[in-house]
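Taking it in order: structure first as C-alpha cells, then the write-up.
Bear in mind these aren't lab numbers, they're just calculated from the coordinates by the rules spelled out. Just so it is clear, the structure is predicted and the values come from calculations on it, not from any experiment. Ideal geometry is used to build each Cβ from the backbone, glycine not excepted, and the neighbour counts take in all protein chains shown.
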Amino acid sequence: MAKGNANQKVNEWLRGRNGSDEISVFCLILALLFLIVNIFVKSIFFTVLAVALIGYSAFRMFSRNLEARENENAVFCEFLGPVRPWLRNPARAAAEAREYKHFKCPECGKRMRVPRGKGKIRIRCRECGNKFEARS
Ligand SMILES: [Zn+2]
C-alpha cells in the first residue's frame, strides 16, 4: 500500500473527531509527570492514574461528540486563565512573557497586557475605564 493512501485513511478516520485540546494536552502532561514521579516512587497508584489520564486524553481526541467536548474545554479554559497559552503553545507563551507584562484590572478583573520595559505607566482599563499605575 502506498504511503499517501495510508495518510488519507488516517485523515478520513480523524475527520469529525475532536482532536487535541487544552484538556487532553493537560492530561498528557499530568500523566507524564506521574510516570516520572513513579520512577522514584514505584507505586501502582501513579501507574493507574497515568494510564487513566492517557485513556481520557485519547477518548477526548477521538471523540465524535464535538459539542460536548467543546463545552467541557471552554469550562476548563475559563478555569485555566493565564496558564492557557502555556498549554496551547509553550514557545509562543514564553516569547509573549518576555515581551509583555500582564495586569489585571483592580476594578473589574479584566486581564490586559502592556509592552515591558516602559517604566512606570498609567494603564486605562478598556473594559470599565478604570485607571491605575503599574511598573511595566
Ligand atoms: Zn476594569
* Looking at the chain, which longest stretch skips every one of the trypsin sites (Lys or Arg not before Pro) that is in a DSSP loop with at most 12 other Cβ atoms within 10 Å, leaving the sites themselves out? -> 65-115
* Using a ≥ b ≥ c from the Cα gyration tensor of the range 17-88 (square roots of the eigenvalues), is it rounded, prolate or oblate, where a/c under 1.5 gives rounded and otherwise the larger of a/b and b/c decides, a/b for prolate? -> oblate
* To do: Using Cβ-Cβ distances only, list the Cys residues of the chain with no partner cysteine under 4.7 Å, sorted by number.
  => CYS27, CYS77
* Normalised by the residues of the chain, what does the relative contact order come to in percent, with Cα pairs under 8 Å and at least six apart? -> 18
* Asked: With the contact rule set at Cα under 8 Å and sequence spacing of 6 or more, what percent relative contact order holds for the range 7-76?
  -> 47
* Structure fact -> Under 5 Å from the placed amide H of PHE103, counting only residues 5+ away or on other chains, we find MET112, ARG113, VAL114
* To do: Arrange the following residues from fewest to most other Cβ atoms within 10 Å of their Cβ: LEU32, LEU87.
  => LEU32, LEU87
* Once the Cα atoms of helix 22-41 and of the chain are each reduced to a long axis, what angle between those two axes, in degrees from 0 to 90 to the nearest 10, is obtained? -> 70
* To do: Could you work out how far helix 3-14 tilts from the main Cα principal axis of the chain, as a 0 to 90 degree angle to the nearest 10?
  => 70
* Dipole of the chain, positive direction: furthest Cα of PHE79, ALA6, GLY119, with charges on the beta-carbon -> GLY119
